[in-house]
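Have a look at the structure below before the remarks.
The values are calculated or read from the model by the stated rules, or taken from the named source; none is laboratory data. All of these numbers come straight from a predicted model, not from anything done at the bench. Note that we place each Cβ from the backbone using ideal geometry, even for glycine, and neighbour counts take in every protein chain shown. Only protein heavy atoms, including side chains, enter the accessible area calculation; ligands, DNA and RNA are left aside. Shrake-Rupley method; radii C 1.70, N 1.55, O 1.52, S 1.80 Å.
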Amino acid sequence: MSKQYAIGPKAWRIGALAAVLCVSLAAAAQQAPATQAPEAAKPAAKITPEQARQLFSLVDELIKFSSSESGLPIKSEVKRQLTSRADVETYLKQRFDEDEGAKRMQQGEIVLKKFGLLDRDFALKPFLLALLKEQIEAYYDAKTKSVYMLDWVSVEEQKPVLAHELTHALQDQHVDMEKWNNQTPTEVSHNSREDNEHLAKDEMDTAREAVAEGQATAVMMDYMLKPMGKSLVKDPEIVEVMKEQMTGSESSPVLARAPLLLAESLLFPYREGLSFEQDVWMGQGRGAAFAGALDRPPTSSWEIINPLEYEKRHVPALPLLPNIHPLVDGTYKAYDIGQIGQLDVHILTKLFGGDRAAAQLTPAWDGGLYWAGQRLDAKTAEAQASTKSIALFYLSAWKNAASAQAFTQIYAQELGRKYSGLKAVTGVEQPKPAALSTASPEAQDVEQVYSTDEGPVVITTRGKLVFVAESFPLETARQLTALILDAQGSGELHQATLAQPARALW
């Protein structure tokens, strides 16, 4: 879904917000790989003036290390500033309120709730602010070209984080991160051409964020490993240990309470981004892993999860979205649109079906998209804040029919948690079978219809494709189903990038 160097779907891209703020959630990996005793509570006292001077001088030392490790040249001096906890909290709130990705996140919150990825009564913004305040260690601001160090954290604790953040400074000098990180259109699309342009760029921010944070985390890790004579390339097994430490939330009370969506999305750019960087580094060299990945960034979470595909210059398929507007524009205004990439499917299947379902279905993902509209008659703020005002559809493509059927089952089982008054509708006249180019029985439509307190839910499985329409009138849901599923069988498939030829889903 849509997210930014923060939360996007798109809404599912929460990791993007942390990136936008350049907050180092990789702080969870600051401990050495060996098991260590828990640290004592941090003292409330501020660092001394002498320690502050030491921190300032460390910037020059550590940016040289980051440059040597990444191969990214130092093109200009990085400004530095010591900041207080109160100033940091003000900064986080301002960036959260002003950032375009955060605005999309706030709008997308209702879509996340409609999908069942967040509980209906969950308040996203205050939770994220609390989480960011808890996690921040030091940060680089691409707008001010400055690295900010904290006056309540010891010099030793800030050293590895500075190595991480100064890598962001080098990235910024190489590609201008303010522009590089913002590829997804900020406005909702309103016609078919805009829909497909938006979809083509939708996962770019997620992938680029994983590159940026993966590179910075790799440099930080090598800074910590160097005194032990180890490194990411010489001792690749260490990465799995470090990734496991990132997953742990014992030292992060707020993160420990995070919904699965937020926890997975926030950690993805650091954890999977680190694995991506290590694989490219070992497979094609440091230049490809750092400058090369900035100059030719991946376009999707699929490429981050499958770095060998990125190295082969493969991109994932994106199902075609035909012109839906004649069917929806009379009743709905466009609200949100995006891909549902492999990361999104991992989160969704883990939440709906558990670890085993996620492990089995995530590799079988083969593309997906969604569209959400808000009813034109939802006039009041209260009505617009309700999931009842939203109708959405979701097309998912799979590598085989068995995976499509398995996904249909876990998605249908989850409807009872999302909606009250759920009932399976029987005795409804079935739509006529689609005119398919194959006589294979597995390609025939299988429709399930449910009634809920927010309108009908229609789930249709056709071979390797699953189409879900929620809260549309039944006739409209079926018209959308036929239009979009038929397009996949005969229409030209688009790609997650605009520059490469399409790969068929079939």
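In table form, for the structure just shown:
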{"read-out": "Of the criteria (1) part of a helix (DSSP H, G or I); (2) open to solvent by less than 70 Å² (accessible area, probe 1.4 Å); (3) modelled with pLDDT of 95 or more, which one GLN409 fails", "value": "(2)"}
{"read-out": "Matching helices (runs of 4 or more DSSP H) fully within the range 217-327 where at least 2 residues are more than 23 Å from VAL345 (Cβ to Cβ)", "value": "238-247, 253-256, 260-284"}
{"read-out": "Failed item in (1) at pLDDT 95 or above; (2) over 20 Å from the mean Cα position of the chain (by Cα), with LEU225 passing the rest", "value": "(1)"}
{"read-out": "Residues that are acidic (Asp, Glu), in a helix (DSSP H, G or I) and touching a residue at least 12 places away in the same chain (Cβ under 8 Å), drawn from the range 186-216", "value": "ASP195, GLU197, ASP205, GLU209, GLU213"}
{"read-out": "Subset of the range 121-162 [of a type in the set (S, T, N, Q) and surrounded by fewer than 21 Cβ atoms within 10 Å (Cβ to Cβ)]", "value": "GLN135, THR144, SER146, SER154"}
{"read-out": "Residue list for the range 446-464, filter: assigned to a loop (DSSP other than H, G, I, E, B), out of contact with any Pro (no Cβ under 9 Å at 6 or more places or on another chain) and crowded, with 21+ Cβ neighbours inside 10 Å", "value": "GLY463, LYS464"}
{"read-out": "Of all residues in the range 358-389 being over 14 Å from LYS464 (Cα atoms), among the small types (Gly, Ala, Ser) and part of a helix (DSSP H, G or I), the one that is modelled with the lowest pLDDT", "value": "ALA381"}
{"read-out": "Hey, LEU392 among the hydrophobic types (A, V, I, L, M, F, W, C), over 18 Å from the mean Cα position of the chain (by Cα), crowded, with 16+ Cβ neighbours inside 10 Å and modelled with pLDDT under 95 or not", "value": "no"}
{"read-out": "Unmet requirement for VAL457, which otherwise passes all of (1) hydrophobic (A, V, I, L, M, F, W, C); (2) touching a helix residue (DSSP H, G or I) at 6+ places or on another chain (Cβ under 8 Å); (3) within 20 Å of TRP365 (Cα to Cα); (4) at pLDDT 95 or above", "value": "(3)"}
{"read-out": "Enumeration of residues in the range 55-100 that are part of a helix (DSSP H, G or I), buried (at least 18 other Cβ atoms within 10 Å of the Cβ) and of a type in the set (A, V, I, L, M)", "value": "LEU55, LEU58, VAL59, LEU62, ILE63, VAL88, LEU92"}
